[in-house]
Amino acid sequence: MPGDESGERARATASRAKTLITSTYERSAADFARLADKLVYSHLAEPLAAALADVEGLVLDVASGTGALARRLPQVVATDISLAQLVHNPVALKATGDAEALPFRTGTFVAAVSAFGINHFPDPGGAVREMARVGSVVGLLTWARPDAPFVPREIVLETVARHAGRSRTEAGDVIEELTDATGSGAALERLLADARLAPEVSETTVNVPWPGTEEFVDYRMSMTGVMSAITDARS
């Protein structure tokens with residue numbers, strides 16, 4: 001039937017997107033921990049960490065990666081689909097797991113949270129429902145695309161494109177598309193409401209210290225899809 005075929009195609013597309021994103025983060029884990037987490041994400045995670053300051057009990061950090069948020073929480077379990085990312089995550093309790101099918105019992109945690117994971121899930125609604133299943137409170141952090149492009153970033157991407165023939169891999173393109181769909185307060189509000197939660201959404205500005213030109217270039221090169229584009233071009 002046409003409906004079944006459409007559903008199969010959608011599931012195949014989502015599965016392929018998940019595989020692309022996971023494999024890319026596996027390859028970039030060490031550089032991500034050394035540069036992206038340290039220079040940028042450790043600062044960007046601060047608003048969600050502050051919002052959880054009064055939460056008492058065990059918190060699940062979904063798509064925890066190398067621990068930008070998790071290491072700021074006193075009682076936390078870190079989970080990520082990428083084992084390589086978790087290897088660089090310093091928290092004591094961690095487990096590999098798919099955000100859209102979390103390997104935990106219902107009601108295990110006082111809260112289930114994710115800092116910038118939501119724009120990596122092919123089924124963000126399913127992930128939020130899973131977080132609501134295992135945690136009494138759900139916390140999400142995302143970003144809105146700026147009105148004007150960040151010039152240093154654009155210069156770096158243009159340079160990468162000249163050397164590698166493209167500025168990011170297919171996985172990077174997928175993440176950009178998913179970010180467009182989840183990168184707003186309105187999008188988060190819909191996701192939380194659809195999971196039958198009472199959404200409270202706020203916007204904030206985070207100041208990330210300028211690391212210097214050389215470290216900024218290294219940071220951008222460490223991001224998903226960029227370093228591998230240069231590697232592919234050299235092979």
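See the values below:
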read-out	value
The chain: calculated mean residue ellipticity at 222 nm from DSSP helix runs of at least 4, using -39500 (n - 2.57)	-14500 deg cm²/dmol
Principal axis dimensions, the chain - Cα atoms, whole angstrom, descending	52, 49, 35
Alpha-carbon Rg/Rh ratio, for region 176-224, with Rh computed the Kirkwood way	1.17
GNM result for the chain, Cα springs below 10 Å: residue of R71, R105, R27 fluctuating most strongly	R105
Percentage relative contact order, the chain, counting C-alpha pairs under 8 Å, at least six apart	22
D31 accessible area, assembled protein chains, probe 1.4 Å, Å²	40
Most mobile of D173, D218, D54 in a GNM of the chain (Cα contacts under 10 Å)	D54
With all protein chains modelled, accessible area of Y41 [1.4 Å, Å²]	30
For peptides 197-204, 134-141, 181-188, 58-65, sequence by mean Cβ density within 10 Å, most packed first	58-65, 134-141, 181-188, 197-204
Environment charge at A95 (Cβ cut-off 12 Å; Lys +1, Arg +1, Asp -1, Glu -1)	-2
Percentage relative contact order, region 1-99, counting C-alpha pairs under 8 Å, at least six apart	24
Of all DSSP beta bridges in the chain, antiparallel share, percent nearest 5	5
Span per principal axis, largest first, for the Cα atoms of region 72-122 (Å)	30, 27, 18
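The values are calculated or read from the model by the stated rules, or taken from the named source; none is laboratory data. Please read all numbers here as calculations on a predicted model, not as lab measurements. Cβ: placed from backbone, ideal geometry, glycine included. Neighbour counts: every protein chain shown. Just so you know, the surface numbers come from the protein's heavy atoms only, side chains and all, with ligands and any DNA or RNA stripped out. Shrake-Rupley method; radii C 1.70, N 1.55, O 1.52, S 1.80 Å.
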